[in-house]
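Presented below is the structure to which this report refers.
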Amino acid sequence: MSVDEVYKIVSKTEDARIVSFKDIEANISLKKYDQVISIDTELSLKEGLTMIQLYIAFKEPLSVNLPKVYIDEKCYDKLKYIPHVNQDLSICIIDESENYSFKIDDLPRITLDLIIRAKAILRDKDDGGYCVDEFGREFSAYWDISYNEKTEVQEIGLSLIDFDNFKNIKAVKLLNKFGRYQYVVYNLDNEFRLFENYLKLKGVNFEEISVFISEYSNVIPPFRINYKESLSYLKDINDFKLKVNKFSSKEFLVVFKGIYKELFGWTYLSIGQKIKGFRQMSNWQYLNSNISSVKTVSRISFSNISPNRLDERTSGEVIKRELSVAIIGLGSVGSNLLHFLMRYPFSKYFLIDPDILKVENVFRNNFGFNFIAGFKTKISEYNILSKNPFTEVQTKEKDICNILKIDPVILENYDLRFIVLGIARIEKYILQHLISIGSTKPIILLWVEPYLASGQLVYVKPEDFQKGIELVEDYAYHVIERGQNLLKKEGSCQTGYMPYSDMNLTLFLSSVNPFLHELLVQNITMSSKVFSWIGDINYIDSLQIQVSDSYSKSDSFKLIEHEI
C-alpha cells in the first residue's frame, strides 16, 4: 500500500491532490512528513458553506503511523478558535498514546474516516455549549498556546494544592536551577515540608514570595490578558493594592484554579521599570494606566506534584502509604533490596550503615560511580527522595550496636526491620536485644553465600526470636558445605571479600519479592519461615566447592520454603 494508492481512492469522493512541500505556504509542521495529500472541501457552518483546505500527512512506515489531518493556516484564521485543533494546526482525532492497530490494506478507508471526523470537529465550532465544555476540559492545552504575544507561556511552576480547600495559598521562588521550574505554590503544608527537605538535599535554595488569588474563569481562547484587565479578576483587589507597590516583577504571583484541579497563573514582567517619556509611577498606578492596556500578562502553567495526583496518574488509584521500615546494612545486598522496597507503600525509612561506598563494591552495589565516597545511608536517602520526595527518611551513620545502646527502643518505631549484614554475631546480638526490650515487631534477616550459591531470607515474628537465635547459631539451610574458607583477599589486612555477581543477586531478590508483596500489600498473616533461593549448582561444582548433600543440580534457581 502506497500514498498514491490512498490518493486514488480518496480522490473519488474528495477534491484531492498530492502536493509538494514548496507548494505549502504555511503549516511548517508538515515538513516532517514524507508525503501530503491536500483536500479542498466545503464545510457547512451557520454562516453558510465555507471552503477549507485540509492536509493529510503520511509518515513512513505507513503500517505503523496513521495519517494525521491538518487544517490550512489561512483557513483556520477565519474559523478560530476550535476545540481539538492544536497549536501546530493538527486536528486531534485519535489519541496517539493508545495502542491501536490497523491493517495496511485498510489505509484508504481509515483516511476517508479521518477526513469525515476532522470535518465534524470543525463543524462543532457552531455549538457554543460544546465549545465551552471542550475548551474547559482541555483548558491547559489552550492556555499553553502562544497567541502572538512577545512572551511565551511557560510551565515553570510546581503545585502542591488541595483544590477542594483552595485557600491559605503560599508560594516560594526557587533560587537555584531545578529543571525548568522557578516556583512552588502550595497549601498542603505537610507535603511541602517533605518536599522542602528534598530541595535542601538537592542544594536548591528558595525564598517565600507573595501570591494573590484570581477568580479568572474564561475558558474560551485566545487568552490575551492585558495588565489592566487582569486586575478585574483578582479576588481581593484591596489586599493586592496595599502590597503590590512593594514588589518587583518576580516577587509575587497571581494564580487561579482550573475546572479540573489544575493551577494556572501569571506574572507582570514589566512592572517597576522606568518608562521613557513618563514620570516614575508606582506599580499600582502603572497597572491602572493606559500604557498597561497594551501589555499582556506572562502566563504560567503549573505541574501538579501532589502525591495523590501522581499516584492516580501512575497506578490509577491513591496509594495508602502507611508502613514504616528500618534497614540495617546498605551494602551490595541491602542497596539492591532497597530498589525493591521503594516500590512498596512505605512512608518512613530508617537507614543504618556506618560505611561509605567504595570503588571495589560499585559493580554489584545498586549505586554507581557518581556516589563514590558518600555514606551509603545518604546515597540511599537521595535515591528514595528522588523517587518520592514525600517520604520521611532518617539516617544513622553509626554501628547498630552503638545505636541500640543509646536508644534501646529506636527500632520499635518501625513496622518491619530488615537486617542485611550477613554477620551472625551481630544478627544474634540484635535478636537478643529485641527480646530484652519485649519487641513486638517482626524482623527479616537477609544474606547470601559466596558465589551466590544461595540467598537466604529469614522472617521471624517476635514470639520466635529465640528460635531465630538458635537458627542463626546453627543454620541448617546452607548450600555450601561448612568448613571451606572461600573468603578472598586483595593482599593487605582488612581487604577480605565474598565474591558473587549482581545478576544472581537480582535473581535472588526477585524470587523473594512475591513473599514481600504478600506480607506488605496483601497483608497476609505469616508464620515465621525461611526462604532459601538456590543458585547455580553446576557453576558451584565447577569451582570445586563442596555442596551440601541436601541439594542437587536439579535444585538450581529454585526457591525453597521452610518453617522455623
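Run down S542, S511, S527 and say which single residue is surrounded by fewer than 13 Cβ atoms within 10 Å (Cβ to Cβ), hydroxyl-bearing (S, T, Y) and at pLDDT 95 or above.
Values: S542 fails: at pLDDT 95 or above; S511 fails: surrounded by fewer than 13 Cβ atoms within 10 Å (Cβ to Cβ).
When all the criteria are applied, what remains is S527.
State all residues of the stretch 126-165 that are open to solvent by less than 50 Å² (accessible area, probe 1.4 Å), in a helix (DSSP H, G or I) and in contact (Cβ under 8 Å) with a residue 40 or more places away in the chain; if no residue qualifies, say none.
Once the filter is applied, which keeps residues that are open to solvent by less than 50 Å² (accessible area, probe 1.4 Å), in a helix (DSSP H, G or I) and in contact (Cβ under 8 Å) with a residue 40 or more places away in the chain, the stretch 126-165 yields D126, C131, E134, F135, G136, F139, S140, Y142, W143, F163.
List the residue pairs whose Cβ atoms are under 6 Å apart, where the first residue sits in the stretch 58-84 and is on the phi > 0 side of the Ramachandran plot, the second is open to solvent by less than 50 Å² (accessible area, probe 1.4 Å), and the two are 6 or more positions apart or on different chains.
Short answer, once both residue conditions are applied: H84/I121.
Under 7 Å between Cβ atoms, at least 6 apart or on separate chains: pull out the pairs that start in the stretch 534-551 with a residue that is touching a residue at least 40 places away in the same chain (Cβ under 8 Å) and assigned to a loop (DSSP other than H, G, I, E, B) and end on any residue that is among the charged types (D, E, K, R) and open to solvent by less than 80 Å² (accessible area, probe 1.4 Å).
These pairs meet every condition: Q546/E481; S548/E481.
Only one residue in I110, I116 is open to solvent by 50 Å² or more (accessible area, probe 1.4 Å), at pLDDT 90 or above and either in the same structural domain as I225 (by the TED database) or closer than 20 Å to A16 by Cβ (or both), so which one is that?
Values: I110 fails: open to solvent by 50 Å² or more (accessible area, probe 1.4 Å).
Step by step, each of I110, I116 is checked, and only I116 is open to solvent by 50 Å² or more (accessible area, probe 1.4 Å), at pLDDT 90 or above and either in the same structural domain as I225 (by the TED database) or closer than 20 Å to A16 by Cβ (or both).
Output the residues belonging to the stretch 197-219 that are assigned to a strand (DSSP E or B), more than 25 Å from F135 (Cα to Cα) and small (G, A, S).
Answer for the stretch 197-219, where residues must be assigned to a strand (DSSP E or B), more than 25 Å from F135 (Cα to Cα) and small (G, A, S): just S210.
Looking at S315, S347 in this structure, which one is over 28 Å from I423 (Cα atoms) and crowded, with 16+ Cβ neighbours inside 10 Å? First the steps, then the outcome.
Working: S315 fails: crowded, with 16+ Cβ neighbours inside 10 Å.
Answer to the check: S347.
Among the numbered criteria (1) more than 26 Å from T314 (Cα to Cα); (2) open to solvent by less than 20 Å² (accessible area, probe 1.4 Å); (3) not in a loop (DSSP other than H, G, I, E, B), which one does K378 miss?
Here K378 clears every test but (2).
How many residues are surrounded by fewer than 19 Cβ atoms within 10 Å (Cβ to Cβ) and within 16 Å of L457 (Cβ to Cβ) if we restrict to the stretch 424-441?
1
Here's a check for you: in the stretch 362-390, which residue that is of a type in the set (D, E, K, R) and in contact with a helix residue (DSSP H, G or I) (Cβ under 9 Å, 6 or more places away or on another chain) is farthest from I305 (Cα to Cα)? I'd like the intermediate steps shown before the answer.
Initially, the stretch 362-390 is screened for residues of a type in the set (D, E, K, R), giving 364, 376, 378, 381, 387.
Okay, now just the ones that are also in contact with a helix residue (DSSP H, G or I) (Cβ under 9 Å, 6 or more places away or on another chain), so 364, 376, 378, 381.
Numbers: R364: 33, K376: 28, K378: 24, E381: 20 Å.
Residue satisfying both the conditions and the ranking: R364.
What's the number of the condition Y198 fails, among (1) open to solvent by less than 50 Å² (accessible area, probe 1.4 Å); (2) in contact (Cβ under 8 Å) with a residue 40 or more places away in the chain; (3) under 25 Å from S292 (Cα atoms)?
Condition (3) is where Y198 drops out.
Please indicate, with yes or no, whether at least one residue in the stretch 36-54 is modelled with pLDDT of 90 or more, assigned by the TED database to the domain that holds D105, in a loop (DSSP other than H, G, I, E, B) and not polar (S, T, N, Q).
no
Can you go through E397, E392, E412 and tell me which one is over 21 Å from E449 (Cβ atoms), over 30 Å from the mean Cα position of the chain (by Cα) and surrounded by fewer than 21 Cβ atoms within 10 Å (Cβ to Cβ)?
On the way: E397 fails: over 30 Å from the mean Cα position of the chain (by Cα); E392 fails: over 30 Å from the mean Cα position of the chain (by Cα).
None of the others qualify; the one that does is E412.
Just checking, does the stretch 310-321 include any residue being touching an Asp or Glu at 6+ places or on another chain (Cβ under 9 Å), on the phi < 0 side of the Ramachandran plot and part of a helix (DSSP H, G or I)?
Scanning the stretch 310-321, I find at least one residue that is touching an Asp or Glu at 6+ places or on another chain (Cβ under 9 Å), on the phi < 0 side of the Ramachandran plot and part of a helix (DSSP H, G or I), so the answer is yes.
For residues in the stretch 274-312 being more than 22 Å from the chain's Cα centre (by Cα) and either among the basic types (K, R) or not assigned by the TED database to the domain that holds G258 (or both), which is most open to solvent (accessible area, probe 1.4 Å)? It would help to see each step written out before you state the result.
Within the stretch 274-312, the subset more than 22 Å from the chain's Cα centre (by Cα) is 274-299.
With either among the basic types (K, R) or not assigned by the TED database to the domain that holds G258 (or both) added as a condition, the list becomes 274, 276, 279, 295, 299.
Numbers: K274: 138, K276: 194, R279: 209, K295: 81, R299: 9 Å².
If we take residues in the stretch 274-312 being more than 22 Å from the chain's Cα centre (by Cα) and either among the basic types (K, R) or not assigned by the TED database to the domain that holds G258 (or both), then R279 is most open to solvent (accessible area, probe 1.4 Å).
Here are L263, L269, L341: which of them is of a type in the set (A, V, I, L, M) and surrounded by fewer than 17 Cβ atoms within 10 Å (Cβ to Cβ)?
L269
Would you confirm whether any residue within the stretch 319-328 is within 27 Å of L434 (Cβ to Cβ), open to solvent by 50 Å² or more (accessible area, probe 1.4 Å) and not charged (D, E, K, R)?
No, the stretch 319-328 contains no residue that is within 27 Å of L434 (Cβ to Cβ), open to solvent by 50 Å² or more (accessible area, probe 1.4 Å) and not charged (D, E, K, R).
Return a yes/no flag: does the stretch 89-101 have any residue that is over 33 Å from the mean Cα position of the chain (by Cα), modelled with pLDDT of 90 or more and farther than 19 Å from D4 by Cβ. Don't jump to the end; show me each part of the working.
Step one: of the stretch 89-101, the residues over 33 Å from the mean Cα position of the chain (by Cα) are none.
The answer is no, given that none of the residues of the stretch 89-101 is over 33 Å from the mean Cα position of the chain (by Cα), modelled with pLDDT of 90 or more and farther than 19 Å from D4 by Cβ.
Select from the stretch 446-491 the residues that are part of a strand (DSSP E or B), over 20 Å from S556 (Cα atoms) and in contact with a helix residue (DSSP H, G or I) (Cβ under 6 Å, 6 or more places away or on another chain) and list them in ascending order. Can you show your working first?
So in the stretch 446-491, the residues part of a strand (DSSP E or B) come out as 446-448, 454-460, 480, 488.
Next, from what is left, pick out any that are over 20 Å from S556 (Cα atoms): 459-460, 488.
Within the stretch 446-491, just V460 meets the criteria.
Is there any pair linking a residue in the stretch 429-454 that is at negative phi and assigned by the TED database to the domain that holds F557 to one that is surrounded by fewer than 21 Cβ atoms within 10 Å (Cβ to Cβ) and β-branched (V, I, T), with Cβ under 6 Å and at least six apart or on different chains, and which?
Between residues of the stretch 429-454 that are at negative phi and assigned by the TED database to the domain that holds F557 and residues that are surrounded by fewer than 21 Cβ atoms within 10 Å (Cβ to Cβ) and β-branched (V, I, T), the close pairs are L431/I469; I437/V409; E449/I480; A453/I480.
Out of all the residues in the stretch 494-514, is one or more farther than 20 Å from G422 by Cα and in the same structural domain as N336 (by the TED database)? So that I can check it myself, show each step before the final result.
First pass over the stretch 494-514, keeping only residues farther than 20 Å from G422 by Cα: 514.
Still in the list and also in the same structural domain as N336 (by the TED database): 514.
Yes, the stretch 494-514 has at least one match.
Please find, among I93, I71, the residue that is closer than 18 Å to D15 by Cβ and open to solvent by less than 60 Å² (accessible area, probe 1.4 Å). Reasoning before the result, please.
Values: I93 fails: closer than 18 Å to D15 by Cβ.
Going through I93, I71 in turn, just one is closer than 18 Å to D15 by Cβ and open to solvent by less than 60 Å² (accessible area, probe 1.4 Å): I71.
For S214, state whether it is polar (S, T, N, Q), under 33 Å from the mean Cα position of the chain (by Cα), at negative phi and crowded, with 19+ Cβ neighbours inside 10 Å.
Numbers: polar (S, T, N, Q): yes; under 33 Å from the mean Cα position of the chain (by Cα): yes; at negative phi: yes; crowded, with 19+ Cβ neighbours inside 10 Å: yes.
In short, yes.
Can we say I220 is in contact (Cβ under 8 Å) with a residue 24 or more places away in the chain, outside the structural domain of Q394 (by the TED database), in contact with a Lys or Arg (Cβ under 6 Å, 6 or more places away or on another chain) and open to solvent by 20 Å² or more (accessible area, probe 1.4 Å)?
No.
Determine whether K358 is open to solvent by 50 Å² or more (accessible area, probe 1.4 Å), out of contact with any Pro (no Cβ under 9 Å at 6 or more places or on another chain) and farther than 30 Å from P307 by Cβ. So that I can check it myself, show each step before the final result.
Values: open to solvent by 50 Å² or more (accessible area, probe 1.4 Å): yes; out of contact with any Pro (no Cβ under 9 Å at 6 or more places or on another chain): yes; farther than 30 Å from P307 by Cβ: yes.
It is true that K358 is open to solvent by 50 Å² or more (accessible area, probe 1.4 Å), out of contact with any Pro (no Cβ under 9 Å at 6 or more places or on another chain) and farther than 30 Å from P307 by Cβ.
Counting only residues that are modelled with pLDDT of 90 or more, under 20 Å from P61 (Cα atoms) and open to solvent by less than 30 Å² (accessible area, probe 1.4 Å), how many does the stretch 1-27 have?
Selection size over the stretch 1-27: 3.
The values are calculated or read from the model by the stated rules, or taken from the named source; none is laboratory data. All values reported here derive from a predicted model rather than from experimental measurement. So basically every Cβ, Gly included, is an ideal-geometry build from the backbone, and we count neighbours across all protein chains shown. We work out accessible area using only protein heavy atoms, side chains counted, and drop any ligands, DNA or RNA first. Shrake-Rupley method; radii C 1.70, N 1.55, O 1.52, S 1.80 Å.
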